[in-house]
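One structure is given below, encoded as structure tokens.
Derivation of every value follows stated rules applied to the coordinates shown; laboratory data play no part. Because the structure is a prediction, the values reported are computed rather than measured. FYI the Cβ positions are ideal-geometry reconstructions off the backbone, even for glycines, and counts take in every protein chain you see.
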Amino acid sequence: MKLLLSLLIIFQVSCTKNEKSAKDTLVEFVNFRFSNSQSLDRLRPYLSENLFNQIKELPPTEIDKFFGINKRKLMKLKVNSENCNDDTCQLTYLIQYEDKLESKDRVHIYTKKMAQMQKSNSGWLIVDVDEIKTFLDFKNPI
């Protein structure tokens, strides 16, 4: 009987859908943005249809700039606050990354952002991202 009960519990746990939270989706998206494998096709699962279409309709030079973030090194990602209800979520987060300027100087960039997310059938999607504040820390004197 104990064996049957144990097997039933294991079966139930294995069949339960392991759904990502809005925070999990945002962290995965930011890590993707700093990766070398960015493309419009791989971007699609993270974004709402409206936001994806806005990016897709950008001129080629702007799309190159959008994907150019992968030349930077992500140093830190911290979700500061979550304000969620059943189907919407606002997350405030801080990204710290390193960039090299054309002069080969290093600069650390700290950006505080807010992501608006919405629940869909497939999980959480990013509807909009607003930049709140950016701070530049130059490692060499200007």
With equal scatterers on the alpha carbons only and no solvent term, can you work out the Debye log10 of I(q)/I(0) for segment 20-138 at 0.14, 0.23 1/Å? -0.62, -1.48
Of the listed links Lys56/Lys113; Lys23/Lys139; Lys71/Lys119; Lys20/Lys78; Lys78/Lys139, those spanning more than 29 angstrom between alpha carbons are Lys23/Lys139; Lys71/Lys119
From the backbone phi of segment 76-93, what are the Karplus-calculated ³J(HN,Hα) couplings (6.51 cos²θ - 1.76 cosθ + 1.60, θ = phi - 60°) in whole Hz, Gly and Pro given as x? 7, 9, 9, 8, 7, 8, 10, 10, 10, 10, 4, 10, 9, 8, 10, 10, 9, 9
Putting +1 on Lys and Arg Cβ atoms and -1 on Asp and Glu Cβ atoms, find which of Ala115, Thr61, Ser35 reaches farthest to the positive end of the dipole of segment 20-138. Ser35
